[in-house]
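S.K.: Supplied in structure tokens, the structure appears directly below.
Just so it is clear, none of the values below were taken in a lab; they were calculated from the coordinates. Note that the structure is predicted; figures quoted are calculated from it, not measured. Note: ideal-geometry Cβ built from the backbone for every residue, glycine included; neighbour counts use all protein chains shown.
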Amino acid sequence: MFKSIQDMITYVNKEEVKVIDFKVTDLTGTWHRLSITSQKLKPDIMQKGIGFDGSSYGFNSVEKSDMVMIPDVSSCYLDTLKHVKTLVCIADIYAINNHTMVRYQDDPRYIAEKAEKFILNSGVADQILLGPEFEFYVLDHISYEYTNQHMEVTIDSKQAEWNTKKKDEPNLGLQVKHHGAYHLDSPFDQSYEFRTDVVIEAERIGIPIKYHHGENGGPGQVEIEVEFASIKEMGDRSMKIKNILKQMASERQKVVTFMPKPFATESGSGMHVHMQLKKNGAYIMYDESGYSHLSKTALYMIGGILHHARSLTAITNPTTNSYKRLVPGFEAPVTVGFANANRSAVIRIPGYTLDETEKRFEYRSPDAMSNPYLTYAALMLAAYDGIIHKIDPMDQGYGPYDFNLYDLSDEDKKKIKSLPASLEEACQALKEDHDYLHAGDVFTQSIIDTHIKKVMKDHQLMQKMPHPLEFDLYFKR
């Protein structure tokens, strides 16, 4: 939004902005906020920054936790959802080294920036284009409790089929048949007005939206697809649009969840990531003679991603709930392979991409529980590794699989590699395969180790927890 801190100060004074919110992203991909009044905004903020406790963000231990945030003035936008005029500015994290401020190597946003610079400086491309599809649920109620003597989760959506019999309040019969919400029209698509307001707000702050629609999973599942941008910019856009969604849902007495699998027997929510490259102003993913009109570069990218798919999963699917979605039969691909127009493959080449400006592929397994900066950086480093080492996915036995991979016999399934079945298995894969993430010093060993340690705590906690279904299966034996 601004080119300099002085531009920012001039705008704040002219537009009578009252508050500036500085946002910093932690390792899980959660925004933290520090707010100042406009009177405190001074030019020296770019030199001095604002101090904070990095240990509370999960970055450093308590004895070396002092860190500094410095705003990136180009990332600013006016947050019209606040009751006072508020300017939001994403900040970069700096560490203190010998009384000098230096960029913090494990700041997720800096990792995205490093990945982008490294890949572009290598000469393989001069523009990286990523386009995520955000699937999520818009719900009207969520409650949960877990104690030694009581376990309960209740989820509800007004458009759920089970509410057709509801009598304790006015019922207009606008519920949707099971799995009947895909691209459904009003008035049955009950979150349409909410989503429309969200995408208009997103475009107002510079996030172009491709489209939004109802999805075919459980009640309230929807999708918003964002137009293409580079690694760091798409990380910023992802953080911004998730924040807008959550704020606007709360205003409407609704709640949004990006949990990959909130409903036990329904399709989960993913974050498919479309990928393209340009060089010298031209798209380089197209070759009329290639499989599905893909160029060698595009195929090598696919080869790199599939070669590292199992270790990537620890970053792109970092929760225990992620692996409730990554099971066959729920439109979540688990087979490490690629194909044209095949939604059962981990990588799909959209069949409707017919010319060089559209030709791309999508990686279908990630979910939006992941830190977007880390996910986009890791995906592109895997793709880069494929380009540099000319990893041909056909030579490596990754397909193309032009058939329904869900219908394979058990014997045939054993012949094809699959994604990890648990967070523990994914972390083990990342321990064994992470050299590609070190390229260009993008990911440090520290952040890889910290990430594994953190998500394994979740896995170990869940391992101890009995599940209500287990009581049904085993209590009376």
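S.K.: So what is the relative contact order of the chain, in percent, for Cα pairs below 8 Å that sit 6 or more residues apart?
M.R.: Contact order relative to length: 15 percent.
S.K.: State whether region 319-477 is rounded, prolate or oblate according to the following rule on the C-alpha gyration tensor (a ≥ b ≥ c being the square roots of its eigenvalues): a/c under 1.5 gives rounded; otherwise a/b larger than b/c gives prolate, and the remaining case gives oblate.
M.R.: oblate
S.K.: Between Y474 and D66, what is the FRET efficiency for a Förster distance of 51 Å, r being their Cβ-Cβ separation, to the nearest 0.05?
M.R.: 0.50
S.K.: Let me ask something else about it. So who's got an amide H within less than 5 Å of the one on Q127, skipping anything under 5 residues away but keeping other chains? H placed 1.01 Å off N, in plane.
M.R.: Those lying under 5 Å, H to H, from Q127 are K278.
S.K.: Which one of G206, T335, S157 has its Cα pushed farthest toward the positive end of the charge dipole of region 116-474, where Lys and Arg give +1 and Asp and Glu give -1 at the Cβ?
M.R.: Of the listed residues, the answer is G206.
S.K.: Provide the net charge surrounding R103, with neighbours chosen by a C-beta distance below 15 Å and charges set as Lys +1, Arg +1, Asp -1, Glu -1.
M.R.: -3
S.K.: For the modelled label position 7 Å from the Cα of E145 along Cα-to-Cβ, which residues of region 441-477 have backbone nitrogen atoms closer than 17 Å?
M.R.: Of the residues in region 441-477, 468 have backbone N under 17 Å from the label point off E145.
S.K.: Over region 5-104, what relative contact order in percent results from Cα pairs under 8 Å that are six or more residues apart?
M.R.: 27
S.K.: OK, next. Would you mind checking region 119-134 for residues with the amide N under 20 Å from a putative spin-label position 7 Å along Cα→C-beta of D355?
M.R.: 129
S.K.: With +1 on each Lys and Arg Cβ and -1 on each Asp and Glu Cβ, and nothing else charged, work out how big the dipole of region 5-104 is about its Cα centre, in Debye to the nearest 20.
M.R.: I would put it at about 200 debye.
S.K.: A further question on this structure: So for region 5-104, taking the charge dipole from beta-carbon charges (+1 Lys/Arg, -1 Asp/Glu), which of C89, Y77, T37 sits furthest toward the positive end?
M.R.: Highest projection toward the positive end goes to T37.
S.K.: Right, next: Do any trypsin sites (Lys or Arg not before Pro) in region 234-279 lie in a DSSP loop with no more than 14 other beta carbon atoms within 10 Å, and if so, which?
M.R.: Within region 234-279, the qualifying trypsin sites (Lys or Arg not before Pro) (loop, at most 14 other Cβ atoms within 10 Å) are R252.
S.K.: Could you compute the net charge surrounding L469? Neighbours are other residues with a C-beta less than 15 Å from the C-beta of L469; K and R count +1, D and E count -1.
M.R.: With Lys, Arg at +1 and Asp, Glu at -1, the neighbours total +1.
S.K.: On to the next question. How much length is gained on full extension from K279 to D156, taking 0.36 nm per residue of separation minus their Cα-Cα distance?
M.R.: Extra length available between K279 and D156 comes to 39.5 nm.
S.K.: What's the tally of Lys pairs in region 5-104 whose alpha-carbon atoms lie under 26 angstrom apart, where the two lysines are 8 or more places apart or on different chains?
M.R.: Lysine pairs satisfying the spacing and distance rule in region 5-104 number 24.
S.K.: I would also like to ask the following. Using the 10 angstrom Cβ neighbour count as an exposure proxy, how do D395, D126 rank, fewest first?
M.R.: Ascending Cβ contact count within 10 Å gives the list D395, D126.
S.K.: Karplus couplings for region 374-380 from phi (6.51 cos²θ - 1.76 cosθ + 1.60, θ = phi - 60°), rounded to Hz, Gly and Pro as x?
M.R.: 5, 5, 5, 5, 5, 4, 6
S.K.: What's the local net charge at F443, with K and R +1, D and E -1, over the other residues with C-beta under 11 Å away?
M.R.: The answer is -3.
S.K.: Charges only on Cβ, +1 for Lys and Arg, -1 for Asp and Glu: so what's the dipole of region 92-235 about the Cα centre, in debye to the nearest 20?
M.R.: 140
S.K.: Right, next: Quick one: what are the phi-derived ³J(HN,Hα) couplings along region 228-234, Karplus 6.51/-1.76/1.60 with θ = phi - 60°, whole Hz, x for glycine and proline?
M.R.: Ordered by residue, 3J(HN,Hα) equals 5, 7, 6, 4, 5, 4, 5 Hz.
S.K.: When the Karplus curve 6.51 cos²θ - 1.76 cosθ + 1.60 is applied with θ = phi - 60°, which whole-Hz ³J(HN,Hα) does each residue of region 441-454 get, with x for Gly and Pro?
M.R.: 6, 6, 9, 7, 5, 4, 6, 5, 5, 5, 4, 4, 4, 5
S.K.: Decide, for the chain, between rounded, prolate and oblate: order the square roots of the alpha carbon gyration tensor eigenvalues as a ≥ b ≥ c, take rounded if a/c falls under 1.5, and otherwise choose prolate if a/b is larger than b/c, else oblate.
M.R.: Rounded, since a/c falls under 1.5.
S.K.: Also, quick follow-up: Relative contact order, percent, of region 348-449 when contacts are C-alpha pairs under 8 Å separated by at least 6 residues?
M.R.: Relative contact order for region 348-449 comes out at 21 percent.
S.K.: Same structure, new question: Give the long-range amide H neighbours of H272: residues separated by 5 or more places, or on another chain, with amide H under 5 Å away, using H modelled in the peptide plane at 1.01 Å from N.
M.R.: E133, E135
S.K.: Using +1 at the C-beta of Lys and Arg and -1 at the C-beta of Asp and Glu, which of M248, F194, Q127 has the Cα lying farthest in the positive direction of the dipole of the chain?
M.R.: M248
S.K.: Give me the dipole magnitude in Debye, nearest 20, for the chain about the Cα centre, with unit charges on the beta carbon: positive for Lys and Arg, negative for Asp and Glu.
M.R.: 720
S.K.: Could you pull out the pairs from K324/K414; K232/K464; K210/K254; K210/K246 whose alpha carbons sit more than 30 Å apart here?
M.R.: From K324/K414; K232/K464; K210/K254; K210/K246, over 30 Å: K232/K464.
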